[in-house]
Amino acid sequence: MKKYLLEIFDELSYKLTYLKETDLIFTVPAQSNHGDYSTNAAMMLARALKRKPIEIANEIVSHLQYDKSKIEKIEIAGPGFINFYFSKNFVTKIVAEIHSQGKNFGKSSKFAGKRANVEFVSANPTGPLTVGHGRNAVVGDTIANMLEWIGYNVDREYYFNNAGRQMRVLGDSVRLRYLEILGENIEFPQDYYQGEYIKDIARKIFEESGDKYKNEPEDGIFKQRAEKEIFDDIKKTMKNIGIEMNIFYNEHSLYEDGKINKLLELYKTKNLSYEKEGAVWLKLTELGNEQDKVIVKSSGEPTYRLPDIAYHITKFERGYDLIVDLFGSDHNATYPDVLAGIRVLGYDTEKIKVLIHQFVTIMSGGEVVKMSTRKANYVTLDELIDETGSDVVRYFFNMRSISSHLNFDLDVAKKQSDENPVFYLQYAHARICSIIRMAEEQNLKSSLENLKLLQKDEEQNLLKKLYEFPDEILYSTELFEPHRIANYLESLAALFHKFYTECRIIGSEKKLAEARLALIEAVKIVLRNGLSILGVSAPERM
RNA sequence: GCGCCCAUAGCUCAAUUGGAUAGAGCAACAGCCUUCUAAGCUGUAGGUUAGUGGUUCGAUUCCACUUGGGCGUACCA
């Protein structure tokens, strides 16, 4: 429907050239008595043309050439809205389109041939993924899916650091637990990793090698083993919610191939850095930021900024058209420095999209669960998946705007009941599958021959919603807002459930039953496609 | 102090780059299963969109200030 409107307006713009002055926007009005689609173009143009909106609207409508079998009625309403009413017959045509495109329905080629890199999770291997990481993981993977749907070739990338102080503390935590198992009297510092998993790793080393490593330093076997065990665990957790990274980028490699030193030299020769109090500072104030920051400590060790900048430069070197960084609000102060450091070297930072999601609050029994990795007071993502299932986890993290704090109510998530919104969608899909099975038993098959019989409100509303799907994906993706897809699917499922209660299939007149079967098959395709973007399964039975 | 994010129905949240009468789910109340899955549907009730100003044909949306919360504000990442 929208496609047709764009066509006829494009044609009209040769006659009324002022139409080219504004971006034409067609929206689905909240009120059904405002038509199927509506545009505010006349109002938008009013100021520029210094004419009355109603007058412009009248001019547009009177010059518009359109097929009366497609558009039934055009009205001008309110301060100057132009409302379009499509013919019922035309509306039904979407069913055939969905059938022919199948699992590709909703895809767009707008960004075909473009390459995107989505960096997410990026947790250092110091402990299992927590529920806190879960939001990042799920949203990142979903955004990657969405970008694929609009044509991008996407790399999913995990950036990590297995060097530095954090990892030394990790290795030493394991070492102390190991010595503890050997019966030595140890003092375990408060700021070391307190989790049980540290003891598990120490126990494994002991069981395999006895006291062989009694005198090993912390950054030898202990660190290596801890890193491997923890990383394996992280990968397993990601796999459990359907996430597969295709690039793991090690920060350490930036040192090994000299990128860090090269960058440091570059800043120096460009006179963008200076030494003070034994440290190297980047002149960020000259680049418009609030204060200069240290890039190399007086100890000679770089701060995270320098490798972060070097790392992002590799993303440009690797030729991406779009670079997406997703992280939690605790990192919100870091990215302006990194961006400034990259921009000054001539890279187009417009290609970088920084997404910041707010924190997750875990609720259990009406109480807030406080979390800290260091203190080992957390719910792991794996525990959550075990208790609720991957679908619930993915849906909960996807269903809210990332700029909102997310309340994750463990009690609701665990319930296999109508309080849990993911089942509402899956139930719609399962119901459709069930009807199709029943129909088959009665030798009833869907047909695209008599779609024009789909005239009832419940049918028409459902059909109109189906039209919106490709637009919704494109729009949601360009805004990087996965929750819109969840919202869309919920309203589609609601319209289906209404249709289900009002319109019977088995038992209806044959031609109508065939057309309705075709309709619900189309709904099934859209539900399945939408759920697959979210990474949620579409069960055949429930 | 400063920066980013947030404040919408009792609770959790939507609201198409400023649109027409602010919508869902849960909870509450009243109904609907001898017919394709009641994990569903229908109805009732629930709002000064935190507050005050401003911008304009029009503001939940944009701007300023105030209040209340989250996260930052390192020679940690």
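The values are calculated or read from the model by the stated rules, or taken from the named source; none is laboratory data. The structure displayed is predicted, hence computed values, not measured ones. Cβ placement follows ideal geometry from the backbone for every residue including glycine, while neighbour counts extend to all protein chains displayed. Accessible surface is based on the protein model in full, side chains and every heavy atom, while ligands, DNA and RNA are left aside. Shrake-Rupley method; radii C 1.70, N 1.55, O 1.52, S 1.80 Å.
Quick notes on this one:
- Qualifying position, being within 15 Å of RNA strand B (Cβ to nearest atom) and of a type outside the set (Ser, Thr, Tyr), among A:Glu7, A:Glu21: A:Glu21
- Those residues of the range A:418-432 which are more than 6 Å from RNA strand B (Cβ to nearest atom) and either polar (S, T, N, Q) or surrounded by fewer than 18 Cβ atoms within 10 Å (Cβ to Cβ) (or both), in sequence order: A:Asn420, A:Gln426
- All conditions in (1) in a strand (DSSP E or B); (2) surrounded by 19 or more Cβ atoms within 10 Å (Cβ to Cβ) hold for A:Leu306, with the sole exception of (1).
- Among the candidates A:Leu6, A:Leu24, residue that is surrounded by 15 or more Cβ atoms within 10 Å (Cβ to Cβ) and not assigned by TED's automatic domain parsing to the domain that holds A:Leu462: A:Leu24
The rows are residues; the columns are (1) near RNA strand B (Cβ under 9 Å from one of its atoms); (2) assigned to a helix (DSSP H, G or I); (3) touching a Leu at 6+ places or on another chain (Cβ under 6 Å).
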residue	(1), (2), (3)
A:Ile260	no, yes, yes
A:Glu265	no, yes, no
A:Glu275	no, no, no
A:Glu286	no, yes, no
A:Gln291	yes, no, no
A:Val294	yes, no, no
A:Ser298	yes, no, no
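- Only listed residue being hydrophobic (A, V, I, L, M, F, W, C), surrounded by 15 or more Cβ atoms within 10 Å (Cβ to Cβ) and within 13 Å of RNA strand B (Cβ to nearest atom), chosen from A:Val379, A:Val368, A:Val344, A:Val354: A:Val354
- Close Cβ contacts (under 9 Å, 6 or more residues apart or on different chains) running from residues in the range A:35-57 that are open to solvent by 20 Å² or more (accessible area, probe 1.4 Å) and assigned to a helix (DSSP H, G or I) to residues that are within 10 Å of RNA strand B (Cβ to nearest atom) and of a type in the set (D, E, K, R) comprise A:Met44/A:Asp23.
- Matching helices (runs of 4 or more DSSP H) fully within the range A:453-541 where at least 3 residues are within 8 Å of RNA strand B (Cβ to nearest atom) and surrounded by fewer than 17 Cβ atoms within 10 Å (Cβ to Cβ): A:483-502
- Within the range A:132-174, considering residues that are part of a loop (DSSP other than H, G, I, E, B) and at pLDDT 95 or above, the one farthest from A:Leu474 (Cα to Cα): A:Tyr152
- Restricting the range A:175-197 to residues that are of a type in the set (A, V, I, L, M) and part of a helix (DSSP H, G or I), the residue that is most open to solvent (accessible area, probe 1.4 Å): A:Ile181
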